[in-house]
Every structure is written in structure tokens, then in C-alpha cells.
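J.: I have a structure here, written as C-alpha cells, and I will follow up with some questions on it.
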Amino acid sequence: MKDVKRIAVEIAPGVETEFVDRDRALAQVVEWAERGTRFPVVIFGPEGCGKTAFLRQASVMLRDLGYDVFYLHPLDKVFAAEVDDADVKTLFTELVRKTLEDERWGRLALAVFDLTREILKKRRRKIAVIADDVFQAIGLDKAAAYVKGLLNMIEHPVYSYENIVVLVATSEGVSRREIGRHFWAELRPMWNMPEKGFQQLYDKMPEPKPPFEEAWRWTGGNPRMFGRLYSSRWAVGRVAEDVIREKGLTAEFVRRWGRWLEAAVEDPEVLWAGGAPEELARELEARNLIVYNMYDRDPYFWIDAPPPRRDPELGIGKNAAWQTPIHREAVRRALNEAG
Ligand SMILES: Nc1ncnc2c1ncn2[C@@H]1O[C@H](COP(=O)(O)OP(=O)(O)OP(=O)(O)O)[C@@H](O)[C@H]1O
Ligand SMILES: [Mg+2]
């Protein structure tokens, strides 16, 4: 995508670059801007694949395309109302200030409904609501209700709008399931970066770095994993050990699932169609180790480029995939350590 202002991102502490590639996703933003989103678009995908970076980039683009933009990212305590209406901006700023004090995120998330109405009361406008990881903040049990509220805003606005774009991201497999039970959103997966795009990011990374092939083989194109490996000076084993602890891959856990986990390390698809217990798939999904119930690779269903249908080297199966090769490596090591 030429002519797109790209935001600055930090890929590792002290290593700044600009938002790289994701050209198809950016073209999707332009399309949404032209037509609006008929449903809230709920984006999910591997942790660190770039959902937040993408939503930040999308916010800037939508603003440039004439949108009033509300941006909410409670986990990072970042909130912005890039809107022309000065009164609404003041109201929002005041609310953010209060919320940072008492941490009642739900109130802020809900305020967006009133503020949008306030803007539209005065003039027909283009409105974007961008909510990143709000479900953890408002409570997973309220995720579906919140999405329904967003849908109502699109379907039954009190004052008419020119266009509306609603984008939501979640890194929780659980919230995806909760939302998926209703026809209230378009659930759209986003994968790690495609090889060509990842190559661009790799080129921007200062030395020392391993050959591209190796960076690709360990990260599968996941920019956060790339940053972590970089910060550890490419100590793959150490990063994998960290993942073992973060994910609570205790000896008890890996022994309990032993044989099935070993099979899943070889080929994650056993979790879907290979007779593995569904409870194991759910446990791995809840720990953000795999993405389960993947979509058809028709680009229509995806944000940016879909992953390949199958890539045994990266641990990608048709319906189940390891989030990155390092996630799989952590499980492999945990199995070895448990004997
Ligand atoms: N297109 C990109 N170009 C350059 N850097 C990127 C890009 N996408 C993501 N990054 C960097 O990769 C890291 C992880 O990205 P990000 O935080 O957006 O992932 P995420 O999918 O939101 O993760 P989580 O699931 O934990 O919320 C960040 O440091 C981010 O700046
Ligand atoms: Mg994020």
C-alpha cells in the first residue's frame, strides 16, 4: 500500500521501526472506510501476531479518511477520541481521567455509545469505534453483550450516520467462543505475518541476527516472538523455557496428556480430527498455545493474508495450529523434561 502513513512501532526495547507490510489488511481498512462494517468485526489470532499494531494503524488511517475515531485499549491504559466535536472530546478526556483513577473500564467502554450519539445528534458523520482487548477489562461474561451493543449501534442508531466502522480485537480463545455463539459479529482471524512481509521486518532489524531462514523457522512470522528472540540474542532455548513457565506447562500437565501432546507436537491436526480428547484442545487454546477451529483459507474470512493450509515445519494444520514454532518447542521441551 503506497500513500499510507505508517505508524511507528517498537519491535523490541529500543528498536523502533515503522508498521511493516500487512498490505492486504490495510486495503481492507480502506474498504471498510468506504462501505462501513455491517457487523462489528472481531479479530482474533495468535498472541503477538500484530492485532494491536494493526488496530493502531487502522485508527490513524480512518482518521485520515475523515472518520471520528474512538480508540480504547484498557490493558495498556490507552484511550483516545480523535473527534472534531470539542465538547465530546472534553467529555471523553474527563471520563478517561476518572477511569484511570477508579479503573471502572466498563463505564468507559459503554460511554462510547452515548458519545457517538452525541456526535451524530449535531451532524451526520463517519464514526469508528476501535476496541482492543476490552473483554478482559469489562469481564469475559459481558463480552457478548458488549458486542451486541456495538451491533445495535450499527443496526439501530438513534441518529443516522454517514458510515460506521467497528473493529474489536481479542487475544482470548475463550471470548471468541462466547461471541461465536451469536450472530452478532463477524469473527475474523488474523495470522502471523506472511513470509514476504516478515522478510521486510527482518531486514529492518539491526545485527546481530541469524539468517532469515532461521528467524522464519522459529517465529513463523510472529513479530513479538521475533522481538523476544532478538532481545535474548537468539537464545531459542531460553525463550522456550520462559514460555514453559508462562504457560504453566508443569510436569503434571504434560504427563497427564503425554501421548496426545506428543502426537500434537508432531501434527497439531490430531487435536481436531485425530481422536485427541477435546479437553486437551480446550486447555491448549485457553493457554494461548494453539489456535483451534481455524477457518477455510479463503482470504474472505481473514484479516490480511491467511496462513498456508498446512505447514508441518511451522506446526500449522488445517483446523488446528501452534501459535508459533516456539510455542510448540516449549511443549516439546516440557515433555522431555517430564521424561
Ligand atoms: N506490521 C508490523 N510491523 C512492525 N512491527 C509489528 C507489526 N505488527 C506487530 N508488530 C510488533 O510486534 C509486537 C507484537 O504486536 P502486537 O502487540 O500488535 O500483537 P497482538 O496481536 O496485539 O498481541 P496480543 O495478542 O498479546 O494482544 C509489537 O512489538 C508490535 O510493535
Ligand atoms: Mg494486543
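J.: Take the residues in the stretch 3-23 that are under 16 Å from the mean Cα position of the chain (by Cα) and outside any loop (DSSP other than H, G, I, E, B); name whichever of them is farthest from ligand 1 (Cβ to nearest atom).
T.: Among them, the one singled out is ILE11.
J.: Give PHE70, PHE44 a once-over and let me know the one that is within 11 Å of ligand 2 (Cβ to nearest atom) and crowded, with 19+ Cβ neighbours inside 10 Å.
T.: PHE44
J.: Another question, if that's okay. Quick test for you: out of LEU110, LEU100, LEU167, LEU151, pick the one residue that is modelled with pLDDT of 95 or more and under 18 Å from TYR71 (Cβ atoms).
T.: Within the list LEU110, LEU100, LEU167, LEU151, the selection yields LEU167.
J.: Follow-up. Return the residue satisfying two criteria in turn: it lies in the stretch 273-306 and is of a type in the set (A, V, I, L, M, F, W, C) and surrounded by fewer than 21 Cβ atoms within 10 Å (Cβ to Cβ), and of such residues it is farthest from ligand 1 (Cβ to nearest atom).
T.: In this case the residue turns out to be ALA273.
J.: Here's another thing I want to ask about it. Looking at the stretch 213-233, which of the residues that are outside any loop (DSSP other than H, G, I, E, B) and within 16 Å of ligand 2 (Cβ to nearest atom) is nearest to ASN192 (Cα to Cα)?
T.: Looking at the filtered set, the residue picked out is PRO223.
J.: Turning to a different aspect of this structure: Looking at the stretch 75-98, which of its residues are over 22 Å from LEU55 (Cα atoms) and either within 25 Å of the chain's Cα centre (by Cα) or part of a loop (DSSP other than H, G, I, E, B) (or both)?
T.: Residue satisfying the conditions is ASP85 alone.
J.: Among the residues of the stretch 250-305 satisfying the criterion of being over 27 Å from the mean Cα position of the chain (by Cα) and among the charged types (D, E, K, R), which is nearest to ILE326 (Cα to Cα)?
T.: The residue in question is GLU262.
J.: Could I ask something else about it? Within the stretch 85-113, track down each residue that is in contact (Cβ under 8 Å) with a residue 40 or more places away in the chain and either farther than 20 Å from TYR146 by Cβ or aliphatic (A, V, I, L, M) (or both).
T.: Across the stretch 85-113, the qualifying residue is only VAL112.
The values are calculated or read from the model by the stated rules, or taken from the named source; none is laboratory data. In this text, all values refer to a predicted model and were calculated from it rather than measured experimentally. Because the Cβ atoms are built from the backbone with ideal geometry, glycine has one as well, and the counts that use them run over all protein chains shown.
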